[in-house]
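Every read-out reported here was derived from the displayed coordinates using simple, explicitly stated rules and does not represent laboratory data. Note that the structure is a prediction, hence the values are computed from the model and not measured.
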Amino acid sequence: MPVPPEKMITKSYNTNKMYNTIGMGEINVIKGIGLREISMSIILPNDLSLPFVQPKYSPNCIIGKPIIYLAKFREFKADKKPIQLLITRILPNGEEIFKGNINVTLEEYIVYENAGEEGDFLVDLTFKEYIEIKEQILSPTNKDNNTYTVNTNRTTKEPAKTYTVKAGDTLWKIAKRELNDETKYKNIMTINNISDPKKLKIGTVLKLS
């Protein structure tokens, strides 16, 4: 985002169930933790030269006009697919603390436009944590085929050790695609002695591990 949100709210629900029983009345049966809900309000300024527009927090991030983000939010809703929510936390002294990286769905977004602030937009975003449903194979355990066990064994792709830079690549994209973790772009920078991630030459062979 072009401007970090002033605050972010994370709600953690449980999946407890309430029942009415004879003699005891209402009881609460503990089931476990539910999906997290994350909400925030962001500013999309038309003037990208303002001092609080801070692309420095993400070297591979392209800061654009509000219409780019508004179109992307609508695309997220239309695609019916989960997205990755990446959160970088930086203290006032510049120290970077723990990051957040979870799959979410964009549940709702509300856009505000105020008179006298034409060109600027305020957007309320609500995300819901997304847990991927993986395929499971049922194998019969007896000759009658009426009892099954779940086989979750999967062959995993061995990460590549090198990667050749192509047109349109960024370290962030390479880390996400090849290492399944976009935050590892810094590791690629360190391994390959890259000082400026924006200056990637097509055809360069990068070490990934």
For this session: Check region 8-129 and count each lysine pair with an alpha-carbon distance under 19 angstrom, considering only pairs eight or more places apart or from different chains.
Result: 13
Problem set entry | region 157-209 pair-distance distribution - Cα-Cα, 5 Å bins, rounded % | 4, 22, 38, 28, 7, 1
Problem set entry | Radius of gyration and Dmax over the Cα atoms of region 8-129, both given in Å | 19.5, 68
Exercise. Using the Karplus equation 6.51 cos²θ - 1.76 cosθ + 1.60 (θ = phi - 60°), what ³J(HN,Hα) coupling, rounded to whole Hz, does each residue of region 191-198 give in order, writing x for Gly and Pro?
Worked result: 4, 9, 6, 8, 9, 10, x, 7
